[in-house]
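Written below as structure tokens is the structure these notes are about.
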Amino acid sequence: MTDIAAHEEHPVDHGTEHSGTSDVIAGAGPVGRPGERATVRLREGAPDDAPRYAPEWLQLREPADADARALGLLEPLAKRLAELPAQDGGLVIHDLGCGTGSMGRWLAARLDGAQHWVLHDRDPYLLHFAAVASARVAADGSRVTVETRRGDVARLTPDALGGASLVTASALLDVLTRAEVETLAAACAGAGSPALLTLSVAGRVEFASADPLDADLAEAFNAHQRRGGLLGPDAVAAAGEAFAGHGATVRVSPSPWRLGAEQSALTAQWLRGWVGAAVEERPGLRTRAEVYLRDRLAACEAGELEVVVHHSDLLALPRPVEA
């Protein structure tokens, strides 16, 4: 996938931490207050006025994300979570780069027991949206509460994930560098927390009707994803190595978008971003790509375009803590 999705969901910024949860209510929570110390950031020197990304794209992709996530990873995750010592308030789940909160809406209702979600994002508007629209009840009817922390997620201070029962993210790994993935893996290991990291680009796109330009565009897009040392389609392999290096058991499952006539609005937006990134990487493709995009969009509008956009989900389970 382009990750226009990933870039929109995880822009760069500095952040603040909310240090208490006494005023947290179900489905909403405080945004960090001025003067509180930063605990998460992505890269040094990031502009504070980075553009806000519209939630419309995140809302558009949410149903496809929900259909794609690998359900097979939930059983080993739930088993591990059930083995954790009981905490007041239940599970503490950190959602990194939460965007509009789609991960919480998908996962909270699939886990038993009380949950407290800590939503991280750089955009206060998205944080507010995510908190207001968050899940209220778990799979067994237990209460779900939420708090928000402004900031991004690759460079974590040692205590940022303290007390976490689980760390989650969607469309995040592919916009990180190898060093940032290592930092994330180390932070999860330090907290003894499992990590469920979904919908990372896999670098493969399959159209039901092939075109000679498909392979050139895919290759150019993948190169674009690797710009500036970002991992792009290499992210899941790198993350698997990083988490395994900290002693975790790593499982990877496919989580493809399967887009057809019913997803034509999402397909059209994805296609524009996919082709656009490829042309930005290889300007020599522009003339042929314009014709390609016109024809593909026409097929999409007619409900005749089918495409599989491959992603991968990763579950990392740390070594059980010995009593």
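The values are calculated or read from the model by the stated rules, or taken from the named source; none is laboratory data. Since this is a predicted model, take the numbers as computed values, not measurements. For neighbour counting, all protein chains shown are included, and Cβ atoms are generated from backbone atoms with ideal geometry for every residue, glycine included. Only protein heavy atoms, including side chains, enter the accessible area calculation; ligands, DNA and RNA are left aside. Shrake-Rupley method; radii C 1.70, N 1.55, O 1.52, S 1.80 Å.
One table, with the values for the structure above:
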read-out: The range 185-323 shape via C-alpha gyration tensor axes, a/c threshold 1.5; value: prolate
read-out: List H94, H224, ordered by accessible area with a 1.4 Å probe, largest first; value: H224, H94
read-out: For the range 245-258, 3J(HN,Hα) per residue [Karplus equation, 6.51 cos²θ - 1.76 cosθ + 1.60, θ = phi - 60°, Hz, x = Gly/Pro]; value: x, 9, x, 7, 8, 10, 10, 10, 9, x, 9, x, 6, 10
read-out: The range 114-263 - convex hull of alpha carbons, volume per residue in Å³; value: 157
read-out: Ordering of 123-130, 108-115 by packing [mean C-beta count within 10 Å, highest first]; value: 123-130, 108-115
read-out: Spherically averaged projected area of the range 186-253 from its Cα convex hull (nm²); value: 5.7
